[in-house]
Amino acid sequence: MARGRLITFEGPEGGGKSTQAGMLIGRLEERGLEVVYTREPGGTKLGEAIRGILQYNTAGEAPCAESEVLLFEASRAQLVRQVMLPALERGAWVVCDRFFDSTTAYQGFGRGFPVEMMETLNQFAVGDAVPDLTILLDINVSLGMQRCAKRQAGHKQQYDRIESEALEFHEKVRQGYLELARRHPQRFRKVDGMRDVEAIAADVWKVVSDVFFAEG
Ligand SMILES: Nc1ncnc2c1ncn2[C@@H]1O[C@H](COP(=O)(O)OP(=O)(O)OP(=O)(O)O)[C@@H](O)[C@H]1O
Ligand SMILES: [Mg+2]
């Protein structure tokens, strides 16, 4: 059985990653593929415990910026070994709602840690689980935050620690993602996330079809 494919969704808050990942999975499953969905941080028992620490300070204190990086990488390393590689090896497709580019964008470009160092840590965490395709859902950060605020209105849960960062932080993250897409043009495809859900889904499907299902 051929190894499956690894597709990641990346981008600033509220760009529609979770929405579009769900829609893409539906379309891939219609083609008879086994698809595994993962989100970061989380996806394993260890990862979900780390998610609580990172998002809601469940350890009883906020992690310092250095710990934050390492906790994300620890969650990721566990997810790769326990879930992603076994799935890929049995031929399943894996769709990730955020993956290692989030660390480069948020902790590298956003918090200001050296980007090369983030990339080295990412490599250590994931080994050869490098995405075949990364879809960057680009969105203006105020529009993204407005969408998140709307989503929040229906829920009791507070904004998490990273969502609560200032708009300038999120702007650095957005610019960081755009830079990553320029640096890795083979792997990245940028999709305009500022339109309606269906228009974005059509573009996402076009990209996926071009990359994986093109004739010839
Ligand atoms: N194209 C769209 N137009 C308007 N609203 C949208 C669109 N796509 C998603 N939404 C809504 O905006 C909110 C954020 O979308 P979603 O959760 O998919 O984004 P996300 O990128 O996963 O966000 P986060 O970074 O917080 O995980 C949700 O309430 C969703 O229903
Ligand atoms: Mg999401």
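Bear in mind that the values in this text are calculations on the coordinates, not laboratory data. This structure is a prediction, so every number in the text was calculated from the model and none was measured. All Cβ positions, glycine included, derive from the backbone under ideal geometry; neighbour counts span all protein chains shown.
Here are some notes:
- Couplings 3J(HN,Hα) of the range 190-200, computed from phi: 8, 10, 6, x, 9, 10, 6, 3, 5, 5, 5 Hz, in residue order, whole Hz [Karplus 6.51 cos²θ - 1.76 cosθ + 1.60, θ = phi - 60°; x for Gly and Pro].
- Modelled FRET efficiency - R0 22 Å, residue 130 with residue 150, Cβ distances, 0.05 increments: 0.05
- Extension gain for residue 59-residue 140 works out to 25.9 nm (0.36 nm per residue, less the C-alpha to C-alpha distance).
- Anisotropy class assigned to the range 6-211 is rounded, per the alpha carbon gyration tensor with a/c under the 1.5 cut-off.
- Computed from phi, the 3J(HN,Hα) profile of the range 41-50 under the Karplus parametrisation 6.51, -1.76, 1.60 (θ = phi - 60°) reads x, x, x, 9, 4, 4, x, 5, 5, 5 Hz, with x in place of Gly and Pro.
- Among 110, 144, 91: highest mean-square fluctuation, GNM of the chain, C-alpha pairs under 10 Å: 91
- In this structure, residue 90 and residue 37 have a Cβ-Cβ separation that, at R0 = 22 Å, corresponds to a calculated FRET efficiency of about 0.90.
- 5 angstrom amide H check on residue 134, placed H, neighbours 5+ away: 8, 188, 189
- Using C-alpha pairs under 8 Å with a sequence gap of at least 6, the mean separation divided by the residue count of the chain gives a relative contact order of 32 percent.
- Counting other Cβ atoms within 10 Å as a rough exposure proxy, the listed residues 138, 101 run 138, 101 from fewest neighbours to most.
- Sequentially through the range 74-79, phi angles give Karplus couplings (6.51, -1.76, 1.60; θ = phi - 60°) of 5, 4, 5, 4, 5, 4 Hz, Gly and Pro residues having no value and appearing as x.
- Between the listed residues 102, 144, 126, the Cα displaced farthest toward the positive end of the dipole of the range 6-211, a dipole computed from Cβ unit charges relative to the Cα centre, is found at 144.
- Amide H to amide H, with H built 1.01 Å from N, residue 38 comes under 5 Å of 95, 96, 97, counting only residues 5 or more places away or on other chains.
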